[in-house]
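The values are calculated or read from the model by the stated rules, or taken from the named source; none is laboratory data. What you are looking at is a predicted structure, and each value in this text was computed from that prediction instead of being measured. Heads up, the Cβs are rebuilt from the backbone with ideal geometry, glycines too, and the neighbour counts pull from every protein chain shown.
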Amino acid sequence: MSTPLGDPDPQPPRSILLVDDEPLNRDMLSRRLAKAGYEVSTVSDGAAALARIHSTRPDLVLLDLLMPGMSGLDVLREVRRTVDPTELPIVVATALHETSFLVEAMEAGANDFVTKPLDFPAVLARVESQLRTKGIVDRNRMLASRLDVARTRLEVANRELAQMFGELEREADMDRRSRDTARQRLHSMAVLGDRASKGIDQDVVMQDLLLGGMVAMHATGIVLFRVDGDVLRRQYLVPDSIEAPEELPLDGQTILARIAHGHTVLTETCKPFGTGTAVPALGAPMVDPDGEVQAVVLLMRGRSNPFAREDENAAASLAAILEGALQRTSLTRTNIERMIRMAGMRDPSETFSHTNRVAGMSLVLFNAWCDRHQVPPQRRLREGDVLRTGAMLHDVGKVAIPDGILKKPAALTPHEYATMMEHTTAGAALFSGHRSPFDRVAHDIVLHHHQHWNGRGYPQVEQPDGTLAPLRAEQIPLTARIVAIADVYDALLSTRRYKRAWSRDEAADYLRQQAGEHFDSELVELALGLLDELDAARAEFPEPDATELQA
């Protein structure tokens, strides 16, 4: 059985373009890089480098800065006019005493640097780091493309529902009550299709859709079984009081097994799980883009209210909506997890555990804020879903910061700190365009989680009068204010290469001192009353040990 998220075929060797006017350097490096498994091509001047980059587009360029004629710096600036650093990493080489050229190169868009005389293990480490990051970025772009395909499938399903609605309207021999019922059901399915395209967390989305489908079909229960090898494995049921087995044999005679084998919708009065009382049941297969049955959804009613044949089209539509939602949320989750791992590879403090702790504590604070402000349950569920996921990506922009700055054990210079601050704008650019509610929330969190309540944070943004300044007070989105507290609180309580872990009392005192300065006073008040809940959220994702942090 195919999987919607199968790994791509093995990739050919990564290609490296080596640009150096010194023959000995070119020969030595090209031989050793080739021995390390890379496909290496060489050129000796800047003009040839530009021609080769535009004709073959290597995976990485190793560029000498000082060359006669067109310098490496000129080549770098010309390439960066059209090619982003995430698309083509460029590692520059320069002598230790040429620091001014190095600063210019980093400002012009170099991804990393090595110093001459060249130390090959150091060169290889920088090359591998940049290619690893590029591979993850390329994979994210591919997943984003797949996500667009999943969205398109949902849109097609919604259009088909609208077409079905029109066809039913043209059925003149339908009595009024039957026509109204069909119209209401199709409208409900269209609403479900729209909801399926907006959620992020798979379990939240599926429970919401299953409950909505059960209500729309006037059912008393609904279950979803996934095909898993030679068994059907229960994944969801509503309500949870239904007595359904954990798994059923795929080759059995239950209605679920027959639907999975026959790729067809079935309605009959039967014992849905092979035992118990016979009840009216209506099931439909959930089929992936390759035509494989991935799951079966089954609706049940009381014995006096059987399903009719005209219910089968609605059940098939519900199954298509559910499968589309599973595909989309799986792609979204995979994309997000890869983005988090990408940031973690660049900054050891941005571990998967840290991002999950920040997300969990952010949700605790958000729910407390909702309690105080009497936020309706549906809005709380919807906004909490995207907040939790967006919080996991708060520092994803650090992938754009050079390793020399990101991993520096000493204090940053003013220039380095200015570069570090750019991770907010670089990360927010991933969510520009706001194609979905998640994009908007993630953009706000990534861009503004370093803003201060007193207006002394970053980045600067355009104000209503046209000037540039940081946001302050309630100008800062609520989601960013929440994540700011969770992020700092977790950092204070965690061990880092440059600091010991603070005690809970020390961290709480810091939040108290920064209320109205760094943080929103109301949120600090809520946090200080929820320290046990915050600690419980942190405990779900323990801090990596010291060897992991130093790796």
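Listed by position, the helices (runs of 4 or more DSSP H) enclosed by region 345-417 that each have at least 3 residues that are under 30 Å from residue 108 (Cα atoms) are 403-406. Scan region 468-490 and tell me whether some residue there is of a type outside the set (Lys, Arg), under 16 Å from residue 357 (Cα atoms), modelled with pLDDT of 95 or more and surrounded by fewer than 20 Cβ atoms within 10 Å (Cβ to Cβ). Scanning region 468-490 turns up at least one residue that is of a type outside the set (Lys, Arg), under 16 Å from residue 357 (Cα atoms), modelled with pLDDT of 95 or more and surrounded by fewer than 20 Cβ atoms within 10 Å (Cβ to Cβ). Out of (1) at pLDDT 85 or above; (2) under 22 Å from residue 490 (Cβ atoms), what's the single condition that is false for residue 413? Against the list (1) at pLDDT 85 or above; (2) under 22 Å from residue 490 (Cβ atoms), residue 413 comes up short only on (2). Residue 407: within 16 Å of the chain's Cα centre (by Cα) and outside the structural domain of residue 85 (by TED's automatic domain parsing), yes or no? Considered against the rule, which asks whether it is within 16 Å of the chain's Cα centre (by Cα) and outside the structural domain of residue 85 (by TED's automatic domain parsing), residue 407 comes out as no. Evaluate region 438-445: report whether one residue or more is without any contact (Cβ under 8 Å) to a residue 60 or more places away in the chain and of a type in the set (Gly, Ala, Ser). Checked against the condition, which is being without any contact (Cβ under 8 Å) to a residue 60 or more places away in the chain and of a type in the set (Gly, Ala, Ser), region 438-445 yields at least one hit. In region 288-331, the residue that is farthest from residue 210 (Cα to Cα) out of those that are charged (D, E, K, R) and assigned to a loop (DSSP other than H, G, I, E, B) is 290. Residues considered: 492, 526, 534. Of these, the only one that is of a type outside the set (Ser, Thr, Tyr), without any contact (Cβ under 8 Å) to a residue 40 or more places away in the chain and touching a helix residue (DSSP H, G or I) at 6+ places or on another chain (Cβ under 6 Å) is 492.
Given 507, 484, 473, which one is of a type in the set (A, V, I, L, M) and farther than 22 Å from residue 424 by Cα? Result of the check over 507, 484, 473: 507. Within region 109-140, the set of residues being surrounded by 18 or more Cβ atoms within 10 Å (Cβ to Cβ), among the small types (Gly, Ala, Ser) and part of a helix (DSSP H, G or I) is empty. Residues in region 517-551 that are over 17 Å from residue 357 (Cα atoms), more than 25 Å from the chain's Cα centre (by Cα) and at pLDDT below 95: 546, 547, 550. Within region 68-108, the set of residues being among the polar types (S, T, N, Q), more than 20 Å from residue 429 (Cα to Cα) and not in a helix (DSSP H, G or I) comprises 71, 94. Considering only residues that are assigned to a loop (DSSP other than H, G, I, E, B), within 40 Å of the chain's Cα centre (by Cα) and surrounded by fewer than 18 Cβ atoms within 10 Å (Cβ to Cβ), which ones fall in region 12-48? 12, 13, 36, 37, listed by residue number. A search for C-beta distances below 7 Å between a residue of region 137-155 that is under 22 Å from residue 318 (Cα atoms) and any residue that is crowded, with 17+ Cβ neighbours inside 10 Å and of a type in the set (Phe, Trp, Tyr), counting only pairs 6+ apart in sequence or on different chains, returns nothing.
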